[in-house]
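Asker: Quick one: this structure, given as structure tokens, is what I'll be asking you about.
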Amino acid sequence: MSGVTPLVPGRLVLGADPVRAEPAAPGSLWLVDARGQGAAALRLAPTVLDAGERRRAAAFRREEDRRCWVTAHVALRLLLGARQGVAPAAVRLEREPCAVCGGSDGRPVAPDSGLWFSLSHSGDLALLAFGTAPVGVDVEAVPEPALVAELAERLHPRETAELAAGPGAERAASFARLWVRKEAFLKGLGVGLARDPALDYLGTGPVPVSPPGWSVADVAVPAGFAAAVARTTTAGDPAGMRGGAAQTTAVASSSGSSMSPEVARR
């Protein structure tokens with residue numbers, strides 16, 4: 001990837017003693033591999049996750065999805081607990097009012113931590129970002145060409161044109177690079193895919209195009225995945241971007257992988 005130095009996340013190792021976890025810090029990025037850390041996360045989950053989180057974990061049909069979700073959320077509580085000096089199970093997690101409908105399913109927050117955070121997971125990878133201002137992060141597996149073709153028309157017109165003009169063999173990787181930038185930005189706004197993905201141009205090239213009031217950067221992750229982080233550079237509601245959320249095309253998502261036709265249509 002020329003022209004830009006990708007951000008490199010730290011790697012969190014889940015151990016038997018969660019009290020000794022390294023604390024979350026402003027500006028930090030953490031990458032967790034559920035293949036290597038999943039067994040430890042599942043062992044810690046009964047005493048780390050709250051009742052609601054345990055119910056949600058139990059609802060996953062695929063064991064691989066459950067393992068990655070549990071790994072991501074155990075990691076979040078370990079990092080926040082270490083920052084706050086409390087047990088991971090004592091970390092208070094809440095949701096802001098939805099930026100679109102005003103309901104109770106908005107962006108997740110940790111009100112006692114002094115940090116904003118964002119979490120994403122896909123396949124066996126979980127990525128977490130922390131900051132003193134709104135932040136968004138996304139990680140996705142590079143999709144199949146059929147999915148790229150289906151979702152490409154939902155992008156900004158310039159992005160759709162760039163994908164069509166690029167080499168066919170690189171189209172899926174270019175799309176993944178663009179999509180994670182877009183989702184990270186929309187999560188940073190607190191609206192997720194409730195904001196029309198066609199409204200904002202972030203570019204498919206090696207260097208992200210950051211919307212006004214935001215800094216978007218690629219994150220170095222293993223081959224077969226793409227990831228990005230978006231951080232606000234201004235206080236309040238940068239450039240009034242949140243106002244565009246009324247142009248709804250999908251359900252907002254705060255974490256997890258959403259690069260799928262089903263999510264994009266909802």
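A short reminder: the numbers here are calculations on the coordinates, not readings from a lab. Bear in mind that the values here come from a model prediction, so they are computed numbers and not experimental data. All Cβ positions, even for glycine, are placed from backbone atoms using ideal geometry, and neighbour counts span all protein chains on display.
Asker: List the residues of the range 165-195 whose backbone N lies under 13 Å from a point placed 7 Å from the Cα of Phe60 along the Cα-to-Cβ direction.
Answerer: So the set is empty, nothing qualifies.
Asker: Let me make sure I get this right: for the range 35-99, a, b and c are the square roots of the gyration tensor eigenvalues over alpha carbons, sorted descending. Under 1.5 in a/c it's rounded, otherwise prolate if a/b > b/c, else oblate. Which is it?
Answerer: Here the range 35-99 falls in the oblate category.
Asker: Could I ask something else about it? Only Cα pairs under 8 Å and at least 6 apart count here; give the relative contact order of the range 84-228 as a rounded whole percent.
Answerer: Reported as a whole number, the value is 21 percent.
Asker: Separate question: Near the amide H of Arg95, under 5 Å away, which other amide H atoms are found, from residues 5 or more places off or on another chain, if H is placed in the peptide plane?
Answerer: The answer is Val109.
Asker: Report the normalised scattering of the range 1-139 as log10 I(q)/I(0) at q = 0.12, 0.13, 0.14 Å⁻¹, calculated by the Debye formula with identical scatterers on the alpha carbons.
Answerer: Taking Cα atoms of the range 1-139 as identical point scatterers yields -0.46, -0.54, -0.63.
Asker: At 7 Å along Cα-to-Cβ for each site, give me the label-to-label distance between Arg154 and Val209 in nm.
Answerer: 2.1
Asker: Assuming R0 = 41 Å, can you tell me the calculated FRET efficiency for the pair Ala164 and Thr233, based on Cβ-Cβ distance, to the nearest 0.05?
Answerer: 0.85
Asker: Another question, then. P(r) for the range 131-197, please, calculated from all Cα pair distances in 5 Å bins and given in %.
Answerer: 3, 17, 27, 24, 16, 8, 4, 1, 0
Asker: Would you pull out the residues with amide H under 5 Å of Gly123's amide H, same chain only if 5 or more places away, H placed 1.01 Å from N?
Answerer: So Gly123 has HN proximity to no qualifying residue.
Asker: Another question about this same structure. Compute the whole-percent fraction of alpha carbon pairs in the range 160-216 spaced more than 15 Å apart.
Answerer: Of all Cα-Cα pairs in the range 160-216, 46 percent lie more than 15 Å apart.
Asker: Let me ask another. Calculate, in nm to one decimal, what Glu22 and Ala220 gain on full extension: separation in residues at 0.36 nm each, minus their alpha carbon distance.
Answerer: 69.2 nm
Asker: Same structure, new question: Counting alpha carbon pairs within less than 8 Å and at least 6 residues apart, what relative contact order, in whole percent, applies to the range 179-240?
Answerer: Rounded, it is 34 percent for the range 179-240.
Asker: Another question, if that's okay. Whole Å is fine, so just give me how far the alpha carbon centre of the range 54-71 lies from that of the range 113-136.
Answerer: When both Cα centres are located, 19 Å separates them.
Asker: Relative contact order (percent) for the range 1-152, with alpha-carbon contacts under 8 angstrom and 6 or more residues of separation?
Answerer: 24
Asker: Another one. Quick one: if the Förster radius is 22 Å, what FRET efficiency do Ala39 and Leu7 give, using the C-beta to C-beta distance and rounding to 0.05?
Answerer: Here the calculated transfer efficiency is 0.20.
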